[in-house]
Structure formats: C-alpha cells, structure tokens
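Trainee: Here's a structure for you.
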Amino acid sequence: MNDATMHAIGVEAIGIGKRFGAFNALSDVSMKVHPATVHGLLGENGAGKSTLVKCLLGYYRADEGSLLVDDKEVTIERPADADALGLGMVYQHFTLVPSMTVAENLVMARRNVPGVIDWRSELAQLEDFMRGMPFKVPLTVEAGSLAAGERQKTEIVKQLYLQRRFLVLDEPTSVLTPQEADEMLGLVRDLAHSGQLTIVIITHKLKEVAKFVDEVTVLRRGKFAGAGLVRSLGPTDLTAMMIGEPHAPADPERLGAPVNEVRLEVRDLRTANDGGRAGLSVDHLTVNAHEIVGIAGVSGNGQKDLLEVLGGQQPMQSGTIAVDGTPYGATRAESQALHVRVLPEEPLRNGCVPGMSVVDNLALRSFDRGETKTPRRWLDRAGMAARARSMIQAYGIRAPSAEVPIGVLSGGNVQRCVLARELDGVVRLLIVANPCFGLDVKAVAETRARIMAARNAGTAVLLISEDLDEIMELSDRIVVMHGGKVVHEMPAAGADPQEIGKHMLGHG
Amino acid sequence: MDSLATVIVAMLAGSLRVSTPFLFVSLGECLTEKSGRINLGNEGALVLGAMVAYATSYETGSPWCGVLAAAFAGLLLGGLHGAICSMTRINDVAMGIAFMLAGTGIAFFFGKPYVQPSAPLLPGIPFGFWLESPRFANALMVSPLFILGVAAAFALHWFFRTTRMGLRIRIVGDSQDAALALGLPINRTRLLATGCGSALAGIGGAFLSLCYPGSWNEGLSSGQGLMAVALVVFARWNPINCVYASLLFGAAGALGPSLQTVGFTWGYYLFYAAPYVVTLVVLIITAKGGQSLRGMPGQLSIGR
C-alpha cells in the first residue's frame, strides 16, 4: 500500500432527504464528519440512522441534498462509487461467508480478483498485511467457526484490507462482551486518531459514546435533532436530543424480595450437539417465585437452545425439567396445567401465525379450553373477540382492526400482542428472550415495566437476553452461560459488568 | 470359491460401469447445489442426454459427437431450469420435478425412431490386455467416460478452491447476504451453475446409451438422476467424495447382475433393489435428528 492513500477522509452530508412512497424517512438531515475522528450517529430505532448511511454508501439514492468527500462534491449512485472513494461499512449482521476461510473471504471481497487464484502468494501477502494490523485474526480458519468478537474484528480487518479510509460501524458492540467491546472500540479509536481512518459509529449506547466518541450527530424521526462535541454534551443532553424528552423513562420499581419457593428446576439437561457446535449441558438451574433470573452470555452459547427446550421447540437428550415440582415436557397440556408462558425472541416468527388475525393470535393459548378448563370443540368466536378487544385496550396495541393478519403490524405492536397473550390470566412461570430487541425507548420501558409487574405479582421469570444492561436492570439473580454450560451465578445487586464479561468469555 | 471370486470380479467391473452415470449426475448436482439451488431435473437431463447421444451417434457415426450433443442438450435443459428459477417465487424443487418429467417426455417422444437401429458405441480402453483370462481382461475394460468423470471430479475440486468463479459460486450458495454485499450477480451465477451441472448430467446419460448398457430404450435410466441428490448429501458436497460415493452406489447396482452371472437364481431381482436400499440407508444415516448437515451450502432450500 502506498502512503498517499493512507489518510483518513472527511465526509459531509448536506440537507439529505429520502422518501419511501409517502413516508419521509429523512428530511433535510446534515452531518459533518471530520477526518480522523470517531463520530457517533445516535437515534432511536426508526430515526433514520441506517437510511442516512445507506445514502452515503450508495445503497440508496438520496432524493435531495449533496455529499462532500474531502470538501469536494461527489455523486454516489452505487455501492461501487462509494467503494472507489474509500467509503465502507461493517453491517450489524456480518457478511462473511461462513463456510469459507478468513483468507478466502478477504481475497474475494477485493474488486480485482484474478481468474485463477495463486493461494501461496496471496497467503504470503495477507500475512504481510496482517503484520501491520492492530489486531490479528487467523487466516486459515473458517469464518463460521469464529466467535462473534473475532468475526467483528475480521470485518474491520477486511475493510482495512480493501483500503477503506472512511468506515461506518452499525451497532458494532451489540454482539460483544463488555471487554470485547472496550477492546474493539479502543483499537478503532486509536486507528482514527493516528490519522489512518475516519469512523462513524451507529449506536444508542450512551456509555460507549461518552468513552470513545469525539463528536455526535443525533437524529429523531428522520430529522436532524442536534450535534456537537461529546466533551461539551452530557448524557441528559443526548437523551433529550434522542427522544425529545429530557429524561429517559424511569426504571421499573422492584417490590419485595424473591420467595424461597422453587418454580423452575432444571437438572442435568443435555441436548445433542449440532455439527461441531456443543449442545446444552446445564447441570442445575432454578428460578424462584417472585424472582427474575437473568441469563447472560455471548450469543450462540446455548441460550437459544435453552429457550427452545423450555418452550418445546427442541427435544432434550437427557435430564429433568420440573415446574412446581411436577415434571415438565413443554407440551401444550403441561404448559396449560402448570401456567408456563413464553415470550420468545422474534415473536412474529416464534410466537405468532403471521397470516392469522390479531384476534386469533391473541387466543392461541386459550382457544381450545373453556372457562372451566374443559376441552372446547367449537370455538367461542364472540368470546375470543371480546378478550382480544380488552387486551388491545389494556396494552395499547395499535392495529387497523382486530381482524387484520398480525403480520402487518409493526414490530412493537406484535411484541405487545404476544406480551398481552402470554401475561393473560394466571402465570406461574414466564420465560422471556430478548424482549426489547428492535423496540424504541418508550416501548422498551413499557415492556420492562410489564415484566417487572409480573414478577412483583409473584411470577417466576427466566430472562434470556443479549443485552447485559437489560439483565443488570431487571434481574434479581444473574446466571452466565458459556459453551452450553452455566459457568457462573451471582446476585444482581452489586454485580460488576466486567466480572460478568469475563465469565461470558469463559475465563473466570 | 470360484463363484465367489467371479461375483467379486463382476461386482468390481460392474461398479466401474454402473458408477459412471452416478458420478456425472452427482458432480452436476454438486455444482448446482454449491450455488444454492437443487435441480431434480437432472434425471430429465440424463434421459434426454442418453437419447440425444444415441441419436447423434447414429446419424453422424461418431459416438464422441453424441457425447458432445448430450452435454449440449443438458446445458439447454438446465439453463432453462436456471432461468425460470431466477424469477421470484419459483420453487426450485417443484420446477425440478417438472423438468424431470419434461426431459424424459421429450426424450421418449423424439427417441421412438432410435429404439431399433444400432448406433456406434464408445469403445472401452482395455486396461486388462496383459491378463490371460478373458473374463478378467473384460472386467478391466474401462470406458473413457469413467476416466473423464474422475478427472472432472478433481477439476471441480480445484475449481471450487482456486478460481474466482468457483469461489463466487460458493459465496452465492452459502450466504446470500454476503453475495449481495459483494455485489455478485446471484441469479446469473446460479444459472451458470445449473446449466453446467445439467450438461454433466447429460454426459452421464450419454454413458448409458453409448457405453453401458449401450442402447436406447425408455427403461434406460432407473432413477440415477434422483439418487444423485442423495449421493451428493452423502458426499458432503465434496466432488472427490462424489467419486467414492458413486463407486459405492455402482457396486450396489452391480450386485444383482453379478449374482446372476454365477447362476444365483433365487430372488436375485431383490438385489437389483440394492441401490435404492443404499439410498434410503444413506439418507437415514446422514439425517440424524436435529442436526444440520456439515458442509451443506447455507442457501439450499431443503436446509432453510
């Protein structure tokens, strides 16, 4: 690489507007990113952050506005144009090909791949290139077998390999442990401050902004909501810009201490391992009444398997699960008898029938049982509709009508529907997975308050989440999973995130 | 003892013969599936290839012209499958079944006049010329197409590892997201892989009509094109493993005829079912509950 190309570039977007049909995704948004800085792009879900960067990178064409790269006006119509200018992006969902090695991934990302690849010389060149990198990634390992943190690093190395000088990171720390996040952001900041690279980080984590970001631009509902140096802005200023109110909604109140009455007990649970990935191996896990147990872990360490076993989506190989001392196999009869409810992740996929109406979906737990728990053969449509109406009202579900297919509702409203259905009636055990994924600040606060209210009313809650802050906030007790095993358990009060992170990585 | 040796020799020789169509169809299917699509229509390409090869060989007098024509017929049929599946909301499995029926139907329709006449066949290479026993010498008569197939397997293996096109096919087959992010033409790549895959299947058909059994009739294929799908699963989408898997299926297919040669008359027709039993067993063994298959391209519709 020659030195002339080794300098960070500045990018400025002026008065960008973008419409999708009748919907104004962005209107008159400006952002100035100085070279060799770390710039934070903040905003709630749906504020237009990704639309803005996609306009910068040529995935969308802005309807209005202009782009300056190093103070010269440019037109970017295709991703290839952005590529030629040295602009690149690391997506939230990684774009490495899982079955190919890191070296194959790197070489194939290049624009001028030779027809026949001379792997010996390519590998030698890659090793040479890797020596100049701040972090090392193994070249001959399949990308699919890397841990999330390693994959993130590989994506960044890939961008540097492609000689990008301006890099957008989309929610880069959402899949990392606190240590990995700190390490990665620190390295990225050093790269920027050494003048090699300009970084834009899309995020909503204010702690990271305060620690690693130089300047911010804040968007709210597709409009510019503020900008400035992080040094001169406090967290309250940023929150005010992001949600339009000076204070984030208050944390839900925790009432009373857990009761010493075991609701869920898992013993020696094993599941089959799948294609080299270890299955579950949980020796002992309990949830008491009036308690939220949070399961922390880097994604892909067995949390999903645990949820699927408890929710009846995956069989177990051996072990016992007991609810209130009664063996539990997650069948419909058992979950109805023992009052076990599940709020799965991606509720539209795992907890709804998208083509069926809101009324039908709200009745999925109860349509086949009468008032007296007797099996029902003829559906009580009027009763279902009445119950649906009261749930829609109580949970503030916004739907054009109760008869539309649930698939047409927004993510937040689907979440409310499933929450309403799962919390309806007596709930003795509630299993929740990533309940706030993709929701805006208000919906997040509402969902967490509902879960806390259920706990305060005596329900035992098992909370599986990739968001460590959420676990710290809601849980009474924290359990850390790594490699399908429970590796650590601690009371949530006074827990140290660094300590949890260490266990999430399997050292500790 | 002598009859046991006869059976083993006959099975070895038979497996070389019977395996060749399996080998070509499975290589073609492997190429197509690596790009993220399944083509059940390769059964149709096989039968059509057999007919076209025989007819061309009869008309031109050159069996090699027949092989080329068979590959071309397969290319057309597979290309059409690829083009149709490029359209949105077309299911490749359903379309494959349609092409299987279409391919065999076309072959039967145009093949009627070629059932009677005898076309020049591809001569085998006598590797057993140094042997005294004519039985053993005959067993080592290897078709040039078998050698071509083994060479194609190694070439394909090299192609997937070291060429731009090969790596592109793997990317498209394994991760649509990555392919989009890299700006690769997904449909065009799959079209190419499907077309070339069916061309290989067509050559497999040419072997049926020009080498072994070496005639054209409507009962020529016995489902090799469909069994190749199971074979590719068994071979874990690796072209070199396809060679071993084809030899195994070939040996199973040769079991019935070999028993017949030693006068084994009771229920020998049951042994004719051996390849189908092997297919069943292979699929049951490889599909252990709850596990995803190692090496399977991520975008394959049966795996999603």
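The values are calculated or read from the model by the stated rules, or taken from the named source; none is laboratory data. For clarity, every value in this text was computed on a predicted model and none was experimentally measured. Here the Cβ is made from the backbone with ideal geometry for all residues, glycine too, and neighbour counts use every protein chain on show.
Trainee: Going by the conditions given, is A:VAL107 away from chain B (no Cβ under 12 Å), surrounded by 21 or more Cβ atoms within 10 Å (Cβ to Cβ) and within 13 Å of A:GLU155 (Cα to Cα)? Talk me through it step by step, then tell me what you get.
Mentor: On the way: away from chain B (no Cβ under 12 Å): no; surrounded by 21 or more Cβ atoms within 10 Å (Cβ to Cβ): yes; within 13 Å of A:GLU155 (Cα to Cα): yes.
Spelling it out, it is not the case that A:VAL107 is away from chain B (no Cβ under 12 Å), surrounded by 21 or more Cβ atoms within 10 Å (Cβ to Cβ) and within 13 Å of A:GLU155 (Cα to Cα).
Trainee: Then there's this: Would you confirm whether any residue within region A:244-252 is charged (D, E, K, R), over 25 Å from the mean Cα position of the chain (by Cα) and either assigned to a strand (DSSP E or B) or closer than 30 Å to A:LYS223 by Cα (or both)? Don't jump to the end; show me each part of the working.
Mentor: Step one: of region A:244-252, the residues charged (D, E, K, R) are A:245, A:251.
Filter once more, so that each one left must be over 25 Å from the mean Cα position of the chain (by Cα): none.
No, because not a single residue in region A:244-252 is charged (D, E, K, R), over 25 Å from the mean Cα position of the chain (by Cα) and either assigned to a strand (DSSP E or B) or closer than 30 Å to A:LYS223 by Cα (or both).
Trainee: Now, a different point. Search region A:186-226 for residues being outside any strand (DSSP E or B) and within 10 Å of A:LYS49 (Cα to Cα), and hand back the single one that is modelled with the highest pLDDT.
Mentor: Ranking the candidates gives A:GLY222 first.
Trainee: Take A:GLU403 and tell me if it is within 23 Å of the chain's Cα centre (by Cα) and either within 30 Å of A:SER465 (Cβ to Cβ) or touching a residue at least 24 places away in the same chain (Cβ under 8 Å) (or both).
Mentor: no
Trainee: B:LEU40 fails exactly one of the following numbered conditions: (1) in a helix (DSSP H, G or I); (2) among the hydrophobic types (A, V, I, L, M, F, W, C); (3) in contact (Cβ under 8 Å) with a residue 40 or more places away in the chain. What is the number of that condition?
Mentor: Here B:LEU40 meets the rest and fails (1).
Trainee: I would also like to ask the following. Could you list, in sequence order, the residues of region B:138-164 that are touching a strand residue (DSSP E or B) at 6+ places or on another chain (Cβ under 7 Å) and either within 13 Å of another protein chain (Cβ to nearest Cβ) or buried (at least 22 other Cβ atoms within 10 Å of the Cβ) (or both)?
Mentor: Across region B:138-164, the qualifying residues are B:THR162, B:THR163.
Trainee: Mind listing whichever residues of region B:17-37 are of a type outside the set (Ser, Thr, Tyr), more than 15 Å from B:GLY205 (Cβ to Cβ) and part of a helix (DSSP H, G or I)?
Mentor: B:CYS30, B:LEU31, B:GLU33, B:LYS34
Trainee: Turning to a different aspect of this structure: What tally of residues in region B:237-272 results from selecting those that are assigned to a loop (DSSP other than H, G, I, E, B), farther than 18 Å from B:HIS157 by Cα and out of contact with any Pro (no Cβ under 9 Å at 6 or more places or on another chain)?
Mentor: If we filter region B:237-272 for residues that are assigned to a loop (DSSP other than H, G, I, E, B), which is where we start, we get B:237-238, B:262-267, B:272.
Applying the additional criterion that residues be farther than 18 Å from B:HIS157 by Cα yields B:262-267, B:272.
Still in the list and also out of contact with any Pro (no Cβ under 9 Å at 6 or more places or on another chain): B:262-267.
So the count comes out to 6.
Trainee: Let me ask something additional. Across region A:231-279, which residue is surrounded by the most Cβ atoms within 10 Å (Cβ to Cβ) among those that are modelled with pLDDT of 85 or more and within 14 Å of chain B (Cβ to nearest Cβ)?
Mentor: Applying the filter and picking the extreme gives A:THR271.
Trainee: Which of the following residues is away from chain A (no Cβ under 14 Å), under 23 Å from B:ILE285 (Cα atoms) and among the β-branched types (Val, Ile, Thr): B:VAL262, B:VAL229? Give the steps one after another, and end with the answer.
Mentor: Details: B:VAL262 fails: under 23 Å from B:ILE285 (Cα atoms).
Within the list B:VAL262, B:VAL229, the selection yields B:VAL229.
Trainee: So, in region A:406-445, of the ones that are more than 23 Å from the chain's Cα centre (by Cα) and in a loop (DSSP other than H, G, I, E, B), which residue ends up farthest from A:GLY370 (Cα to Cα)?
Mentor: Filtering region A:406-445 for residues that are more than 23 Å from the chain's Cα centre (by Cα) and in a loop (DSSP other than H, G, I, E, B), the one farthest from A:GLY370 (Cα to Cα) comes out as A:ARG428.
Trainee: Okay, next question. Can you go through A:ALA454, A:ALA443 and tell me which one is at pLDDT 90 or above and of a type in the set (Gly, Ala, Ser)? Step through it out loud before you land on a result.
Mentor: Details: A:ALA443 fails: at pLDDT 90 or above.
Criteria check complete, one pass: A:ALA454.
Trainee: Here's a follow-up. Could you check B:LEU167 against (1) touching a residue at least 24 places away in the same chain (Cβ under 8 Å); (2) surrounded by 15 or more Cβ atoms within 10 Å (Cβ to Cβ) and say which number it fails?
Mentor: Among (1) touching a residue at least 24 places away in the same chain (Cβ under 8 Å); (2) surrounded by 15 or more Cβ atoms within 10 Å (Cβ to Cβ), the lone unmet condition for B:LEU167 is (1).
Trainee: Consider region A:334-368. How many of its residues are at pLDDT below 90 and surrounded by fewer than 13 Cβ atoms within 10 Å (Cβ to Cβ)?
Mentor: The total comes to 1.
Trainee: For region A:143-174, enumerate the residues that are of a type outside the set (Val, Ile, Thr) and part of a loop (DSSP other than H, G, I, E, B).
Mentor: A:LEU146, A:ALA147, A:LEU162, A:GLN163, A:ARG164, A:ARG165, A:GLU171, A:PRO172, A:SER174
Trainee: Turning to a different aspect of this structure: Restricting to region A:421-447, count the residues that are crowded, with 20+ Cβ neighbours inside 10 Å and of a type in the set (Lys, Arg).
Mentor: So the count comes out to 1.
Trainee: Then there's this: Of the conditions (1) of a type in the set (A, V, I, L, M); (2) under 26 Å from A:TRP119 (Cβ atoms); (3) at pLDDT 95 or above, B:LEU191 clears all except one; give me its number.
Mentor: (2)
Trainee: Being among the hydrophobic types (A, V, I, L, M, F, W, C), away from every other protein chain (no Cβ under 14 Å), under 14 Å from A:ARG263 (Cβ atoms) and under 27 Å from the mean Cα position of the chain (by Cα) narrows it down to one of A:VAL282, A:VAL287, A:VAL298, so name that one.
Mentor: Result: A:VAL287 is the single residue among A:VAL282, A:VAL287, A:VAL298 that is among the hydrophobic types (A, V, I, L, M, F, W, C), away from every other protein chain (no Cβ under 14 Å), under 14 Å from A:ARG263 (Cβ atoms) and under 27 Å from the mean Cα position of the chain (by Cα).
Trainee: Another question about this same structure. Only one of B:ILE240, B:ILE285 is in contact with a His (Cβ under 9 Å, 6 or more places away or on another chain) and surrounded by fewer than 20 Cβ atoms within 10 Å (Cβ to Cβ); which?
Mentor: B:ILE240
Trainee: Let me confirm something: among A:PRO114, A:PRO79, which residue is within 14 Å of chain B (Cβ to nearest Cβ) and closer than 21 Å to B:TRP158 by Cβ? Give the derivation first.
Mentor: Working: A:PRO79 fails: closer than 21 Å to B:TRP158 by Cβ.
When all the criteria are applied, what remains is A:PRO114.
Trainee: Go through region A:149-183 and count every residue that is touching a Leu at 6+ places or on another chain (Cβ under 8 Å) and in contact (Cβ under 8 Å) with a residue 40 or more places away in the chain.
Mentor: 20
So that you can scan it fast, the table gives a plain yes or no per residue for (1) touching a Leu at 6+ places or on another chain (Cβ under 7 Å); (2) more than 14 Å from chain A (Cβ to nearest Cβ):
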position: B:PHE136; (1), (2): no, yes
position: B:VAL172; (1), (2): yes, no
position: B:ALA178; (1), (2): yes, no
position: B:GLY183; (1), (2): no, no
position: B:THR194; (1), (2): no, yes
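Trainee: So, one more: So for region B:204-211 (the condition being surrounded by 19 or more Cβ atoms within 10 Å (Cβ to Cβ), touching a Gly at 6+ places or on another chain (Cβ under 6 Å), more than 14 Å from chain A (Cβ to nearest Cβ) and of a type outside the set (A, V, I, L, M, F, W, C)), does at least one residue qualify?
Mentor: Checking region B:204-211: at least one residue is surrounded by 19 or more Cβ atoms within 10 Å (Cβ to Cβ), touching a Gly at 6+ places or on another chain (Cβ under 6 Å), more than 14 Å from chain A (Cβ to nearest Cβ) and of a type outside the set (A, V, I, L, M, F, W, C).
Trainee: Residues A:VAL404, A:VAL418, A:VAL426: which one is in contact with a strand residue (DSSP E or B) (Cβ under 7 Å, 6 or more places away or on another chain) and farther than 15 Å from A:GLU345 by Cβ?
Mentor: Residue meeting the stated conditions: A:VAL404.
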